[in-house]
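Coordinate-derived values only; no laboratory data. Quantities reported herein were computed from a predicted structural model and do not represent experimental measurements. Cβ placement follows ideal geometry from the backbone for every residue including glycine, while neighbour counts extend to all protein chains displayed.
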Amino acid sequence: MEENVNVSIKEFINEFLIKSIGKLVDAEFHYYSFIIIGQGIEFLGSLFDDQPFEKHISDGYRFKNALSKNLFPNSFYKQNQDWLYNNFRCSLIHQIRPSNELLLTSNSINKYPEEKHLKKLEGSDKRVIIIEFLYRDFKKACEKVIKMIERNDSQLDQEKIKENYLNIFSIDLNGVNYEVTGSTYTRLSVYKN
């Protein structure tokens, strides 16, 4: 028997962006957390435009859009959108490594002090991002978007907000149920071998 769970945008932000990334950070999977936060920022930005989620919008529009909306508590994010797009988001998404202008670290493992977050390393042109504080700021941005959703804020694309963003369902394959995830739910025809 197939069961379908519809995941709204609000639930997706809460469960997948806030809670799941938080678990990664807590479990000290920091490197992967940086990468996923970069994608998460872009996702938040997509909620403010009227284009389908699937549409590719070039030049970092969605990533920068999220940073321009005052979602993040620190003005650095808004003031350095291009730098963050090029050196954080693009380098991590396309190369799975930081750019030459970026250093990634943590407070929990490396004891890197909070006051150095987003600052340039002394005597260097490299800027440091500390995962625990990036996650804290990202979480606050996500929570702001959730509040915007709850009050039907006109800045958000209301058609997107009403969509089921993700579907989790089970399929029966030879008498065994498997949970699968898809962007849309359609009854699957499963053939026995």
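At full extension, residue 14 and residue 59 could sit 13.5 nm farther apart than now, given 0.36 nm per residue minus the alpha carbon distance. For the residues 130, 41, 168, a GNM of the chain with alpha-carbon springs under 10 Å puts the largest fluctuation on 168. Multiplying the residue separation of residue 120 and residue 171 by 0.36 nm and removing their Cα-Cα distance gives an extension gain of 13.3 nm.
Angle, helix 131-150 long axis vs. longest principal axis of the chain, Cα atoms, 0 to 90°, nearest 10? Long axis of 131-150 versus the principal axis of the chain: about 50 degrees. Angle check, please: helix 30-46 long axis (alpha carbons) against the longest principal axis of the chain (alpha carbons), in degrees 0 to 90, nearest 10. In the chain, helix 30-46 runs at an angle near 70 degrees to the longest axis. For region 1-106, applying the loop criterion from DSSP together with a ceiling of 15 other beta carbons within 10 Å to the chymotrypsin sites (Phe, Trp or Tyr not before Pro) yields 29, 53. You can think of it this way: the chain between residue 140 and residue 35 has 36.0 nm of extra reach, that is 0.36 nm per residue less the Cα-Cα gap. Tell me which label goes with the value of Cα extents along the principal axes in Å computed from the coordinates here: (i) 56, 40, 25; (ii) 52, 39, 37; (iii) 64, 39, 27. Entry (iii). Each part gets one Cα centre, and for region 1-62 versus region 95-109 those centres are 20 Å apart. The convex hull of the Cα atoms of region 44-137, projected and averaged over all directions, covers 6.7 nm².
Ranking of 151, 89, 136 by neighbouring Cβ atoms within 10 Å, starting from the fewest: 151, 136, 89. Amide hydrogen proximity for residue 5: with H placed 1.01 Å from N in the peptide plane, the residues at 5 or more positions away or on another chain lying under 5 Å are 168, 169. Pairs of Cα atoms nearer than 8 Å and 6+ residues apart set the relative contact order; for the chain it is 30 percent.
Partners of residue 144 within straight-line reach, counting lysines whose Cα lies under 27 Å from its Cα and excluding those fewer than 8 residues away in the same chain: 10, 19, 23, 55, 64, 69, 78, 116, 119, 160, 162.
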